[in-house]
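Below you'll find the structure, written out as structure tokens, and then a few comments.
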Amino acid sequence: MKAKEFIKYLLMLVFLVFSINTSFCASGPDIKFDETEHDFGNIGQFEEHTYVFKFKNIGDENLNIESVSTSCGCTAALISSQAIPPKSSGEIKVVFDSGEFENKVIKTVYIQSNDLDEPTAKVQIKANITPMVYIEPRYINFGKIEKGNRIKKNIFISVNIEGLKITKLESSHKYISTNLSIIPEGTEIALEGRNVISKKDNFMLEMSLEPEAEVGKLNGYIRLHTNNAKRGSIQIILQGEILGDIRLEPDILSFGIVKDDSPKQYEIAINNVGKKVLEITKIESNANWFSTKLLELEKGRKYKIIVELKSNIEKGFSQGNIVVHTNNPEQPTLNVEVFASVIIN
């Protein structure tokens, strides 16, 4: 290769390399955070904690912050200019209110900007929140209970704030009684899946469902009132069902997702386990998209209801109810919820 041709070739190569580098450098706005996570560590309930996330526009055009939004429990705001010139910095202030949260919590802040590669940037805050009053369990399901039985449940309570006291116990159900007692320090307590050693201000709440409880669904709560203005009261949710002589299965009937027009039908079983003869006096429904047919299998003892989907059901989600009327004074009506989700035309 001649000297002139070599020099010409070399100049073209340098120009090409320079052009490629220039195109890579032309990055536009580019947001980069110093850190994308901050852990507040162990904190208490109803505390407010603040952290400032710092970022920089490492691009070569103005970075415009369009919006800053958060998941619940915290607020965030841009505390620097909305328009960040190249190589300049900005700050976002995040305020987290621990409120009634418990245990490990993660909250996310979303930052929308004109950064084409990352139009929605994310930063997160974390915390491990110690509750003022720890309760295990917070939800009690008695399940299905034969009428006349007394059922007891124990709930472990630990007060973690000096001076906080449980001032009153309130039950929403007249047949549920409660008794709160102090657990001596050093006592080993068996909880679900683990054992703990009692410390100061540990209590056992004994809850008793009395035999006089009436037949039917049991939905309610136990409310613990405290002397702490921020904590106020705490609810323990209660659920269950007290069984009578008439047993109905199922009490929730779903046709599921209906994809074609083939016949769809289900059965509801009604059994009488009591001594009195059962009479079903009437069946009512508030929906016209299914039909019901009562069959007597054993007089006064066993029945079944055939529920069939009609062809006139409209596309979409449908909900209805079946009411079975009986001669039983404790269970004069039995209710069945019916659902279907139709996707055919």
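The values are calculated or read from the model by the stated rules, or taken from the named source; none is laboratory data. Keep in mind that what you see is a predicted model, and the values were worked out from it rather than measured. Cβ sites come from the backbone with ideal geometry, for glycine too, and all protein chains shown count toward neighbours.
Listing for the model above:
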{"read-out": "Residue match in segment 216-229 (condition: surrounded by 14 or more Cβ atoms within 10 Å (Cβ to Cβ), of a type in the set (Lys, Arg) and outside the structural domain of PHE156 (by TED's automatic domain parsing))", "value": "no"}
{"read-out": "Neighbours by Cβ (under 8 Å, 6+ apart or cross-chain): first from segment 213-232, free of Cβ contacts under 8 Å to residues at least 12 places away in the same chain; second of a type outside the set (Asp, Glu) and in a strand (DSSP E or B)", "value": "GLY232/HIS225; GLY232/THR226"}
{"read-out": "Segment 171-191, subset closer than 25 Å to GLY220 by Cα, touching a strand residue (DSSP E or B) at 6+ places or on another chain (Cβ under 6 Å) and not aliphatic (A, V, I, L, M), residue surrounded by the most Cβ atoms within 10 Å (Cβ to Cβ)", "value": "HIS173"}
{"read-out": "Segment 301-341: number of residues that are among the acidic types (Asp, Glu) and over 17 Å from TYR266 (Cβ atoms)", "value": "2"}
{"read-out": "Test: residue in segment 310-330 that is touching a Ser or Thr at 6+ places or on another chain (Cβ under 7 Å), over 16 Å from LEU253 (Cα atoms), part of a strand (DSSP E or B) and at pLDDT 90 or above", "value": "yes"}
{"read-out": "Sole residue being surrounded by 14 or more Cβ atoms within 10 Å (Cβ to Cβ) and without any contact (Cβ under 8 Å) to a residue 40 or more places away in the chain, chosen from GLU61, GLU47", "value": "GLU61"}
{"read-out": "Any pair with Cβ under 9 angstrom, 6 or more apart, that starts in segment 299-323 at a residue that is at positive phi and ends at one that is modelled with pLDDT of 95 or more and in a strand (DSSP E or B)", "value": "GLY300/ASN272"}
{"read-out": "Failed item in (1) surrounded by 14 or more Cβ atoms within 10 Å (Cβ to Cβ); (2) outside any strand (DSSP E or B), with LYS275 passing the rest", "value": "(1)"}
{"read-out": "Selected residue [out of contact with any Gly (no Cβ under 7 Å at 6 or more places or on another chain), basic (Lys, Arg) and exposed (fewer than 15 other Cβ atoms within 10 Å of the Cβ)] from LYS282, LYS264", "value": "LYS282"}
{"read-out": "Segment 108-127, residues that are in contact (Cβ under 8 Å) with a residue 60 or more places away in the chain, within 30 Å of ASN42 (Cα to Cα) and surrounded by 14 or more Cβ atoms within 10 Å (Cβ to Cβ)", "value": "ILE111, ALA121, VAL123, GLN124, ILE125, LYS126, ALA127"}
{"read-out": "Segment 69-107, residues that are farther than 19 Å from ASN42 by Cα, free of Cβ contacts under 8 Å to residues at least 40 places away in the same chain and among the basic types (Lys, Arg)", "value": "LYS87"}
{"read-out": "Residue count for segment 251-272, restricted to those that are closer than 17 Å to SER341 by Cβ and in a strand (DSSP E or B)", "value": "9"}
{"read-out": "Top-ranked residue in segment 192-215 [being touching a Gly at 6+ places or on another chain (Cβ under 8 Å) and buried (at least 18 other Cβ atoms within 10 Å of the Cβ); ranked as nearest to ILE176 (Cα to Cα)]", "value": "LEU209"}
{"read-out": "Scan of segment 328-345 for residues that are surrounded by fewer than 14 Cβ atoms within 10 Å (Cβ to Cβ), touching a residue at least 24 places away in the same chain (Cβ under 8 Å) and touching a strand residue (DSSP E or B) at 6+ places or on another chain (Cβ under 7 Å), ordered by number", "value": "ASN335, GLU337, PHE339, ILE343, ILE344"}
{"read-out": "Some residue of segment 241-253 being surrounded by 15 or more Cβ atoms within 10 Å (Cβ to Cβ) and in contact with a His (Cβ under 8 Å, 6 or more places away or on another chain)", "value": "no"}
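Listed here are the residues, each with its yes/no results for (1) farther than 16 Å from VAL133 by Cα; (2) among the aliphatic types (A, V, I, L, M).
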| site | (1), (2) |
| --- | --- |
| TYR175 | yes, no |
| ILE183 | no, yes |
| GLY186 | yes, no |
| LEU191 | yes, yes |
| ARG194 | yes, no |
| LYS199 | no, no |
| GLU206 | yes, no |
| ALA213 | yes, yes |
